[in-house]
Amino acid sequence: MRIAEIHRQTNETDIRLTLALDGIGQAEVKTGLGFLDHMLCHLAVHGLFDLTLHARGDPHVDEHHIVEDCALALGAAFDRALSDRRGIVRIGSAYVPMDETLAFVAVDLSGRPYAVVQARWHTPAIGGIATSLFPHFLHAFAVAARANLHARVLYGADDHHQAEALFKALGRALDAATRLDPRRGAAVPSTKGVL
């Protein structure tokens, strides 16, 4: 079973998370930030991951700590659930349209964290979350998941649509990359023999 449980506790946040890679897209997310809950549910539903995530934090400071620490906990859960990454497809990508917006995400579960995010935001915040935190979420996730992640909004006018398309595309790209390839068996998908 490719399942991970994470408990991340700091002086700023307390996050409990369970992730099943081979799920059916069930999500129960409660972060105290409604828009973040909405985005993480999209990731789970469109990636067919079962995700339970409960977070408490310090919204009286701002939303930064919850957003960043949820990204780190989620990335750590993917890393743990993938174990030594034997038999996985490893690389996945997805285009997702959302009304006037088109987003693209490519991910390589290479063990080498790196992120490139290209998006032009039109407003300073969506649902009480600074738009600058969405690229930050993706960077933090990539580091903790030990993944190479490239995300791009090709075009769009509505920031809600842009964020939603990015999270849906991330879910679909991760679904493709985490799948087990029966042709690979227990081999590691790398010429190095390790990821």
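Suppose R0 equals 22 Å. What FRET efficiency, 1/(1 + (r/R0)^6) with r the Cβ-Cβ distance, do Leu180 and Tyr114 give to the nearest 0.05?
Once the sixth-power term is evaluated, E becomes 0.35.
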*Taking Cα atoms, how many degrees apart are the long axis of helix 159-178 and the longest axis of the chain, rounded to 10 and kept between 0 and 90?*
10 degrees
*Highest first, please rank the peptides 79-90, 33-44 by the mean number of other Cβ atoms sitting within 10 Å of their residues.*
33-44, 79-90
*Assuming a ≥ b ≥ c are the square roots of the Cα gyration tensor eigenvalues, decide whether region 122-164 counts as rounded (a/c under 1.5), prolate (otherwise, with a/b larger than b/c) or oblate.*
oblate
*Projected label distance in nm at Ile91 and His7, using a 7 Å step from Cα toward the beta-carbon*: 4.0 nm
*Can you give the percent of C-alpha pairs in region 39-94 whose distance is more than 18 Å?*
46 percent
*Folded to 0 to 90 degrees: helix 34-47 orientation relative to the chain principal axis, Cα*: 20 degrees
*Rounded tilt (10° steps) of 64-82 against the dominant C-alpha axis of the chain*: 10 degrees
*asked:* Using the Cα centre of the chain as origin and beta-carbon charges of +1 (Lys, Arg) and -1 (Asp, Glu), tell me which of Ala177, Phe134, Val29 is placed farthest towards the positive end of the dipole.
replied: Ala177
*the chain - share of DSSP beta bridges that are antiparallel (%, nearest 5)*: 80 percent
*Based on Cβ point charges of +1 for Lys and Arg and -1 for Asp and Glu, what charge dipole magnitude is obtained for the chain about its Cα centre, in debye rounded to the nearest 20?*
1060 debye
_Rg/Rh for region 1-99, where both radii come from Cα atoms and Rh is the Kirkwood radius_ = 0.99
*Take every Cα pair under 8 Å in the chain that's 6+ residues apart, average their separations, divide by the length, and report that relative contact order as a whole percent.*
27 percent
*asked:* Skipping prolines and chain starts, which residues have an amide H placed within reach, meaning under 5 Å, of the one on Arg2, given they are 5 or more residues away or on another chain?
replied: Leu21, Asp22
*In whole angstrom, note down how far apart the Cα centers of region 30-60 and region 92-149 are.*
15 Å
*With no solvent and one point on each alpha carbon, what is the Debye value of log10 I(q)/I(0) for region 41-134 at q = 0.11 Å⁻¹?*
-0.43
*For region 1-54, just say rounded, prolate or oblate: build the C-alpha gyration tensor, square-root its eigenvalues into a ≥ b ≥ c, call rounded for a/c under 1.5, and beyond that prolate if a/b exceeds b/c, oblate if not.*
oblate
*What FRET efficiency comes out for the pair Ser190/Arg80, r = Cβ-Cβ distance, R0 = 25 Å, nearest 0.05?*
0.85
*asked:* Give me the three principal axis extents of the chain from the C-alpha atoms, as integers in angstrom, largest value leading.
replied: 47, 38, 28
*Whole number please: convex hull volume per residue of the Cα set in region 71-181, in Å³?*
79 Å³
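Quick note: the coordinates plus some simple rules give every number you see, no bench work behind them. Fair warning: this is a prediction, and the values are worked out from it, not measured in the lab. Backbone-built Cβ (ideal geometry, glycine too); neighbour counts: all protein chains shown.
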